[in-house]
Amino acid sequence: MKFEQLRRSKWNNWIIVHLRYLVGLAVFPSGMTTLIGHRFTSVSPDNPIAYFFEALYQSGFYWNFLGLAQITTGILLMTQRFALLGTLMFFAIITNIWIITLSLSFKGTWVITSLMMIAVIILLIWDRHKLIPLVSDKRDMIIKNFEPVNKIWIIAGISYTICFTVFSLFNPMMEETSGLLTAILLG
């Protein structure tokens, strides 16, 4: 089956839109926590992971910048219109996190970050027609025009972003509720 046929399938588009929502929502809890200046996790101080996170936390503005980058990425992914930019930003962020979880021997987190890497690679492949002209020397390359994302998905993404932001303001350490909220919003 040709890639263009896969892209034209409403079912495949639905999956990609919701994968963007899922990835976008996944960065909100940790992004909001770091943006407002709280510690991301509490790990035993005799663990190398604790030293790493404490050093990041003590960096001050850089810690907040990481949170801002995550929130911006989540918002861009959920707008659908700027999803490719969000995907590229998320690729940079999750690649760093993935390497950290592998190099510091996180017990189970590397599985989650590996799944997030797979998700972002799927999103990059989905939008490859937009990326190829950036790296190709072919002057005669024609970019196929695909149907734009339905406005309802754009509105839904913006609504999800607003809801998650409001929930985060009332509960900045929302790790306990983020899974439930994500299920409700995506359901």
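The values are calculated or read from the model by the stated rules, or taken from the named source; none is laboratory data. Note that the structure is a prediction, hence the values are computed from the model and not measured. Please note: Cβ atoms are built from the backbone with ideal geometry, for glycine as well, and neighbour counts cover all protein chains shown. With ligands, DNA and RNA removed, areas are computed over all heavy atoms of the protein, side chains included. Shrake-Rupley method; radii C 1.70, N 1.55, O 1.52, S 1.80 Å.
So here's what we get for this one:
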read-out: Cut-off 15 Å between beta-carbons: net charge of the residues surrounding LEU124, Lys and Arg +1, Asp and Glu -1; value: +3
read-out: Accessible surface of the range 1-99, 1.4 Å probe, proportion on carbon and sulfur as whole %; value: 69
read-out: Net +/- balance of residues flanking TRP63 in space, Cβ distance below 12 Å, scoring K and R +1, D and E -1; value: 0
read-out: Convex hull projection area averaged over all views, the range 1-131, Cα basis, nm²; value: 8.6
read-out: Simple label model, 7 Å out from Cα along Cβ direction - HIS18 to VAL43, nm; value: 3.3
read-out: Cβ-based net charge around VAL43, under 13 Å, with every Lys or Arg adding one and every Asp or Glu removing one; value: 0
read-out: List LYS130, LYS151, LYS107, ordered by accessible area with a 1.4 Å probe, largest first; value: LYS107, LYS151, LYS130
